[in-house]
1. Looking only at residues in the range 481-491 that are on the phi < 0 side of the Ramachandran plot and in a loop (DSSP other than H, G, I, E, B), which one is farthest from the chain's Cα centre (by Cα)?
2. Of all the residues that make up the range 138-155, how many are closer than 23 Å to residue 326 by Cα and either β-branched (Val, Ile, Thr) or open to solvent by 10 Å² or more (accessible area, probe 1.4 Å) (or both)?
3. Taking the residues in the range 156-185 that are open to solvent by 40 Å² or more (accessible area, probe 1.4 Å) and under 30 Å from residue 341 (Cβ atoms) as candidates, determine which candidate is modelled with the highest pLDDT.
4. Could you tell me how many of the residues in the range 385-395 are among the charged types (D, E, K, R) and open to solvent by less than 10 Å² (accessible area, probe 1.4 Å)?
5. How many residues does the range 198-218 contain that are free of Cβ contacts under 8 Å to residues at least 40 places away in the same chain, aromatic (Phe, Trp, Tyr) and within 19 Å of residue 181 (Cβ to Cβ)?
6. Can you tell me which residues in the range 326-339 are assigned to a helix (DSSP H, G or I) and under 23 Å from residue 168 (Cα atoms)?
7. Given the criterion within 30 Å of residue 616 (Cβ to Cβ) and touching a helix residue (DSSP H, G or I) at 6+ places or on another chain (Cβ under 8 Å), identify the matching residue among 224, 233.
8. Within the range 355-376, work out how many residues are open to solvent by 10 Å² or more (accessible area, probe 1.4 Å) and outside any loop (DSSP other than H, G, I, E, B).
Amino acid sequence: MPRASQVGVKRWSLMRAPSRRVEFLRGLARATDGRATELVIAARGQEGQVTVCHSFALCHHGLGIADAVRRNGGEVIMSWIVRASVLSLLAALVVTAGCERAGQEADVILTGGRIWYGPEAPVTGAEAPTAIAVADGKVLAVGSDAEIEALAGPSTERIALAGRRVVPGFIDSHTHFVAGGFELAGVQLRDAATPDEFARRIGEFATAHPGDWVTGGQWDHELWGGELPRRDWIDPLTPESPVFVSRLDGHMGLANSRALELAGVTAETPDPPGGTIVRYADGRPTGILKDAAQSLVSRVMPPPSEEARDRALQAAVEHAAARGVTMITDMGTWANLEAYRRARARGELAIRVYSVVPIATWERLVEFVASEGRGDHRLFWGGLKGFVDGSLGSTTAWFYDTYEDEPGTAGLVVTDTLDLERGIIVGDSVGLQVIIHAIGDRAIDWLLDAYQRARAANGSRDRRFRIEHTQHLSREAIPRIARDAVVASMQPYHAIDDGRWAEKRIGPERIKTTYAFRSLLDAGAKVAFGSDWTVAPIDPLLGIYGAVTRRTIDDANPDGWVPEQKIGVAEAVTGYTLDAAYACFMEDVLGELKPGKYADLVVLSDDIFTIDPIQIENAKVDLTMVEGAVVYQRTN
């Protein structure tokens, strides 16, 4: 599609129009396939609008918008496709709107810093902006200190940046958000480095909460050499308390004998479709349940009350905001969606949420959208989540070839592929966004084929199919993801975590296209970053560090694990901002700090664009702002 480049009226006066749908000054002229199809006159602008950002140049010198575009020497977007009389009217309206906005007083200004407003922003030098103004929850202007100070009035709040870096608010494209809130209150096993430490922590938690279910965990058996835990490790310490603690990837968990008893799981219980019960040599369950087998225990666990879910949500919001996260996508449940709606109704949803529900419930979502709409820019829905396979850590990701360390398996299919493909096609046919988990190379290729069949069945539209995780790619899949306009939703922290042991699991050849950030970007794919919290920390700075350095968390790869897949800082930040916004159809209002977009921003303690990349993980979030309101501020 046509795109507008920077116009040379003033260095920050007229920025790029949206890269995927040319909307000159927010819907004033919309171009499709190179031709104008409609004009929608509106004074309110976004990203490219001629507002405060020195619209005087247009007002005082009488430049028409089409003339301004021609001056850039780039594509002529409007002059030849719209009548001169209409253009004149359009230009007059835009200039008037710009002049009026130019006199608007800022609610907040942040000065004396370094503003990275988006992928086109200069990082250093005379052209790099140092200040930003906010009004009515949106970016009013970005420029020099003097230019932004001119927009301040008697009631304007001032924030001195003292050289600190400002970036757009981080968007986490993949979380299990409310579960994360509950995990904050559960037993913590993420760094338990020995079987004894693992068991001790579970026993202590059970003693402190007698009779309650012991949940949470996030354990990693690779920390003690790869031996899977067993119920006999913890049974003596938890005789009365049922235990079900998850591995960090969520694809297997350990139940103690009390939990198995309540669930009725015995040596005679068969493996359910899409799941595995790990057993002792005599057939009795060890307590490890993989993928779908976990439901054998989870279905007998008491559901949390609405009040408990609301508390977990607020704990998760506070935890995320302190890490610069201003929006999340929750791969959640209908109960989570209702918790978000309650928080929104109370005015307590401090960050933005895209609430995704299971693909098996597509009919319910269709009815819900028909009656309730799709929400607003703070809370919205319309996505369906499904699964092809399991995970690498649980040896349930679906590959063409068997695992190196478990040669008897190539992984498994979590959802019947016929059922899943039907869900994909019908969900897409009713205009919902299809968001599917696929990790192994065979799972990803199968999903790309299923997406192709859905496009053939339902016709062309801007659907933005997503592959969640996109971890272990066949070489053929990389250009195909870009060509098919599929969003690769990836979690860079997984690369520096799984990189400690992935090669022993899938060998030296398959790791070359594992977490292939560089290859995907070079192919032209959209890559949206996230955490997969609670599987990994909800911390975009750690994710950026992982994508840029690929230094594994055990320090065994100082030059990076599969270093040819490293990317740059700006590319990584874009994955957490603009491209993450694109992944959920929000790039028109989020992902950049440009006039008219929401003032969701983060102030960082260090300039992650100029410091040594290995120091990025030590940077701190000093302030988080959503829609112009401070939702987190570091006290020290």
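1. Pass one, the range 481-491, residues on the phi < 0 side of the Ramachandran plot: 481-484, 486-491.
Subsequent filtering for residues that are in a loop (DSSP other than H, G, I, E, B) retains 484, 486, 491.
Values: 484: 20, 486: 15, 491: 8 Å.
Taking the candidates together, the pick is 484.
2. Looking only at that region, the number is 3.
3. In the first step, residues of the range 156-185 are kept if they are open to solvent by 40 Å² or more (accessible area, probe 1.4 Å); the result is 157-158, 160, 162, 164, 176, 179, 182, 184-185.
With under 30 Å from residue 341 (Cβ atoms) added as a condition, the list becomes 176, 179, 182, 184-185.
Values: 176: 96, 179: 92, 182: 89, 184: 87, 185: 79.
Here the residue is 176.
4. Keep residues of the range 385-395 that are among the charged types (D, E, K, R), which gives 385, 389.
Those left that are additionally open to solvent by less than 10 Å² (accessible area, probe 1.4 Å): 389.
Looking only at that region, the number is 1.
5. Within the range 198-218, residues that are free of Cβ contacts under 8 Å to residues at least 40 places away in the same chain, aromatic (Phe, Trp, Tyr) and within 19 Å of residue 181 (Cβ to Cβ) number 1.
6. Keep residues of the range 326-339 that are assigned to a helix (DSSP H, G or I), which gives 334-339.
Scanning the range 326-339 gives no hits.
7. On the way: 233 fails: within 30 Å of residue 616 (Cβ to Cβ).
The unique qualifying residue is 224.
8. Step one: filter the range 355-376 for residues open to solvent by 10 Å² or more (accessible area, probe 1.4 Å), giving 358-364, 366-376.
When the remaining residues are screened for being outside any loop (DSSP other than H, G, I, E, B), the result is 358-364, 366-372, 375.
Number satisfying all stated conditions: 15.
The values are calculated or read from the model by the stated rules, or taken from the named source; none is laboratory data. Predicted model, so just to flag it, every value in this text is computed and none were measured. Using ideal geometry, Cβ is built from the backbone for each residue, glycine included, and neighbour counts are taken over all protein chains shown. Heavy atoms of the whole protein, side chains included, go into the accessibility calculation; ligands, DNA and RNA do not. Shrake-Rupley method; radii C 1.70, N 1.55, O 1.52, S 1.80 Å.
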